[in-house]
Amino acid sequence: MGSVQAIREETHESLPSNGKKIEPIESMIEFHEVHKSYESGGATIEALKGVTLNVHRGDIFGVIGLSGAGKSTLLRTVNRLEQPTSGRVIVDGNDLSVLSVKHLRSLKKNIGMIFQQFNLLSTKTVFENVAMPLRLGTTSHKEIQERVGELLSFVGLTEKAQSYPNQLSGGQKQRVGIARALATNPSILLSDEATSALDPQTTASILELLTRVNEEYNVTILMITHEMNVIKEVCNRVAVMEQGAVVEQGNVLEVFANPQTETARHFVKSVVRDDIPSSVYKLLEANQGRSKILHIRFIGESSGQPMLSQVAKRFASDVHVLFGNITELQGVPFGNLIVELQGSEREIARAYQYILQQNVTVKEIS
Amino acid sequence: MEVTSDQVIQAVYETIYMVSVSLVFATMIGLPLGVLLVVTRKGHILENPLIFSILNPIINVLRSVPFIILLVAIIPLTRLIVGTSIGTTAAIVPLIIYSGPYMARLVENSLLEVNAGIIEAAEAMGATPLQIIFRFLIPETLGSIILSITTATIGLIGATAMAGAIGGGGIGDLAITYGYQRFSTMTIVATVVILVVLVQGIQSFGNVLARKIRRN
Ligand SMILES: Nc1ncnc2c1ncn2[C@@H]1O[C@H](COP(=O)(O)OP(=O)(O)OP(=O)(O)O)[C@@H](O)[C@H]1O
Ligand SMILES: [Mg+2]
């Protein structure tokens with residue numbers, strides 16, 4: 001057995017409060033320089049090129065990337081469906097590379113997994129599907145009845161216990177998948193594109209269920225997806241992968257507010273529209289310097305709208321909002337505004353100075 | 001010269017005897033071989049190039065020998081196993097060797113239909129290879145395996161017709177010796193009807209059973 005990972009104190013960056021109590025950070029899954037290459041037809045494909053990542057206890061950690069980025073490969077090293085070519089994966093203090101096959105099997109009971117295609121047994125009832133991980137072990141008949149009953153009620157499928165998977169909708173199948181993954185009471189849940197086969201409404205309900213799994217069962221979730229919306233809805237931390245490497249990682253808010261790489265910007269754009277409408281450029285042309293058009297990005301309640309009313313009050317300058325949208329990230333408003341300042345040159349300049357001093361990101365559009 | 005009803009009943013009995021005994025043994029051989037062919041292949045749960053590369057060609061060779069030749073070619077082996085090389089019981093040995101590998105291929109094809117995701121889910125749960133075979137692979141394909149056994153059974157009925165060559169008897173033999181060689185139209189018609197009913201019955205039974213297991 002690997003040594004038990006010591007609890008490490010790390011200084012939390014000052015996150016905008018999201019109501020969660022701040023606790024000492026403890027590692028749940030650590031990737032150290034993980035490499036994975038495949039030989040196929042004489043060529044070597046490097047699916048993972050030295051990934052180092054740390055998933056904390058209690059996280060809903062999202063990994064996003066385009067198709068072929070290596071997300072599934074990375075996820076599958078956590079329960080050893082995939083063996084890294086080099087590097088180490090440490091799960092709840094256990095270094096997987098030194099574990100025997102037997103230990104590995106027992107460790108897997110601590111890791112649940114859900115799949116895009118659900119992977120339920122078509123010849124078994126919902127009840128039997130959920131009971132399967134327990135039947136592989138030595139759990140008594142009575143305990144199985146109780147545990148499966150509890151899980152089915154948790155995922156809202158008590159009535160479907162005796163149905164077969166082909167009698168269920170996609171969302172219901174994924175609920176069965178989640179119940180099955182939780183059967184052995186794991187502390188980690190791996191999710192490989194669990195909502196990619198579902199419509200937006202069903203996706204939302206499954207994501208809500210995953211949040212409950214995280215909160216009520218204290219399960220750390222590592223999920224991979226190619227939809228930024230999924231990250232936005234449930235994750236607290238995110239890593240962006242590109243061609244086998246993590247190119248960016250951090251708190252979801254930070255990455256959304258300030259994406260560093262082209263790939264991250266691309267994903268952020270898919271949920272937070274911040275491109276400048278062409279009408280704004282037309283206006284700019286028509287005004288010929290008589291007004292200033294600003295692109296303001298803000299996070300949190302203190303900024304945005306209140307700031308604009310202050311500007312209007314303090315300066316002899318009119319503020320027109322030309323375009324705006326506000327998205328909520330973990331309960332924190334996150335917005336984009338395009339405003340036009342009108343008035344005398346001097347007042348515009350003063351208003352601009354004032355805005356620059358606020359806790360927002362400002363860019364002049366010209 | 002016409003056949004008596006006693007002869008027909010005797011022939012039906014011989015056919016059923018040959019088919020059912022060889023079916024039991026062929027399944028006992030074919031099922032495990034089919035499973036081995038799947039799980040020892042590259043990337044599968046018990047990957048084993050040695051076993052796979054020995055098993056695969058042997059099955060191909062056995063499958064490519066025509067039954068009538070197999071019947072004669074293995075006479076020494078037959079004598080070794082059942083003590084005689086002629087008669088109904090003696091026909092069972094070549095029938096098993098003929099249909100066992102056939103069954104292995106059919107079972108192999110059924111098992112290969114199982115979605116790789118199912119095996120992945122099983123591995124993620126920490127299932128052992130034996131648990132994967134008996135609790136995931138076989139239950140998921142049982143419907144298909146039943147249909148394979150049905151197909152093999154019908155193949156066996158066809159093969160028993162040639163068992164007459166070593167004095168195995170059976171309906172097929174009756175049709176050839178009385179119907180064909182002694183120009184008895186009645187015998188031909190009667191045996192064909194019996195065979196059609198037999199084959200139809202087995203196929204329907206297999207279909208119903210498979211549908212029940214498959215749940216769709
Ligand atoms: N078993 C394998 N053999 C050969 N190459 C593989 C294998 N599995 C994955 N790859 C390759 O590794 C790379 C990463 O694959 P992976 O499935 O991890 O990507 P992904 O980010 O999950 O993509 P997607 O969003 O399409 O699921 C790809 O180039 C893929 O072709
Ligand atoms: Mg993938």
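Here are the numbers:
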quantity: Residues that are among the hydroxyl-bearing types (S, T, Y) and over 21 Å from the mean Cα position of the chain (by Cα), drawn from segment B:26-54; calculated: B:T40, B:S53
quantity: Within segment A:55-155, strands (runs of 3 or more DSSP E) holding 1 or more residues that are open to solvent by less than 40 Å² (accessible area, probe 1.4 Å) and within 16 Å of ligand 2 (Cβ to nearest atom); calculated: A:60-65, A:111-115
quantity: Residue match in segment A:166-180 (condition: free of Cβ contacts under 8 Å to residues at least 12 places away in the same chain, over 16 Å from A:E233 (Cβ atoms) and not assigned by TED's automatic domain parsing to the domain that holds A:G58); calculated: yes
quantity: Residue match in segment B:169-183 (condition: modelled with pLDDT of 85 or more, of a type in the set (A, V, I, L, M) and open to solvent by 50 Å² or more (accessible area, probe 1.4 Å)); calculated: no
quantity: Some residue of segment A:119-134 being within 8 Å of another protein chain (Cβ to nearest Cβ), within 16 Å of ligand 1 (Cβ to nearest atom) and in contact (Cβ under 8 Å) with a residue 24 or more places away in the chain; calculated: yes
quantity: All positions within segment A:107-118 that are more than 7 Å from chain B (Cβ to nearest Cβ) and in contact with a Gly (Cβ under 7 Å, 6 or more places away or on another chain); calculated: A:I114, A:F118
quantity: Given (1) within 16 Å of ligand 2 (Cβ to nearest atom); (2) open to solvent by 20 Å² or more (accessible area, probe 1.4 Å); (3) away from chain B (no Cβ under 12 Å), number of the condition A:D192 does not satisfy; calculated: (3)
quantity: Matching residues in segment A:156-165 - criterion: being within 14 Å of A:N129 (Cα to Cα), open to solvent by 70 Å² or more (accessible area, probe 1.4 Å) and part of a helix (DSSP H, G or I); calculated: A:T158
quantity: Scope segment B:176-197; condition under 22 Å from the mean Cα position of the chain (by Cα) and under 21 Å from B:T89 (Cα atoms); matching residues; calculated: B:L195
quantity: Test: residue in segment B:119-135 that is touching a strand residue (DSSP E or B) at 6+ places or on another chain (Cβ under 7 Å) and either over 25 Å from B:F67 (Cβ atoms) or aromatic (F, W, Y) (or both); calculated: yes
quantity: Given (1) away from ligand 1 (no atom under 16 Å from the Cβ); (2) in contact (Cβ under 8 Å) with a residue 12 or more places away in the chain; (3) closer than 25 Å to A:E128 by Cα, number of the condition A:T220 does not satisfy; calculated: (3)
quantity: Failed condition for A:L198, given (1) more than 8 Å from chain B (Cβ to nearest Cβ); (2) part of a helix (DSSP H, G or I); calculated: (2)
quantity: Matching residues in segment A:209-243 - criterion: being in a loop (DSSP other than H, G, I, E, B), closer than 21 Å to A:S67 by Cα and touching a Ser or Thr at 6+ places or on another chain (Cβ under 8 Å); calculated: A:H226, A:E227
quantity: Residue within segment A:204-213 that is crowded, with 20+ Cβ neighbours inside 10 Å and either among the small types (G, A, S) or within 16 Å of ligand 1 (Cβ to nearest atom) (or both) present; calculated: no
quantity: Selected residue [within 14 Å of chain B (Cβ to nearest Cβ), more than 16 Å from ligand 2 (Cβ to nearest atom) and assigned to a strand (DSSP E or B)] from A:E33, A:E39; calculated: A:E39
quantity: Scan of segment A:305-342 for residues that are assigned to a strand (DSSP E or B) and open to solvent by 20 Å² or more (accessible area, probe 1.4 Å), ordered by number; calculated: A:D318, A:V319, A:H320, A:V321, A:L322, A:F323, A:G324, A:N325, A:I326, A:E328, A:P333, A:Q342
quantity: Exclusive hit being in a helix (DSSP H, G or I), in contact (Cβ under 8 Å) with a residue 40 or more places away in the chain and within 12 Å of chain A (Cβ to nearest Cβ), set B:I133, B:I118, B:I145, B:I96; calculated: B:I145
quantity: Identity of the residue in segment A:343-366, within 30 Å of A:V252 (Cβ to Cβ), part of a helix (DSSP H, G or I) and in contact with a strand residue (DSSP E or B) (Cβ under 7 Å, 6 or more places away or on another chain), that ends up least open to solvent (accessible area, probe 1.4 Å); calculated: A:I355
quantity: Filtered residue count, segment A:230-260, keeping only those that are open to solvent by less than 30 Å² (accessible area, probe 1.4 Å), free of Cβ contacts under 8 Å to residues at least 60 places away in the same chain and β-branched (V, I, T); calculated: 1
quantity: Qualifying residue in segment A:78-85 (condition: within 11 Å of ligand 1 (Cβ to nearest atom) and closer than 28 Å to A:S196 by Cα); calculated: yes
quantity: Answer from B:T88, B:T160 - the residue that is crowded, with 24+ Cβ neighbours inside 10 Å and either more than 10 Å from chain A (Cβ to nearest Cβ) or touching a residue at least 24 places away in the same chain (Cβ under 8 Å) (or both); calculated: B:T160
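The values are calculated or read from the model by the stated rules, or taken from the named source; none is laboratory data. In this text, all values refer to a predicted model and were calculated from it rather than measured experimentally. No Cβ is skipped: glycine too gets one built from the backbone with ideal geometry, and neighbour counts run over all protein chains shown. SASA here: full protein model, heavy atoms, side chains in, ligands and nucleic acids out. Shrake-Rupley method; radii C 1.70, N 1.55, O 1.52, S 1.80 Å.
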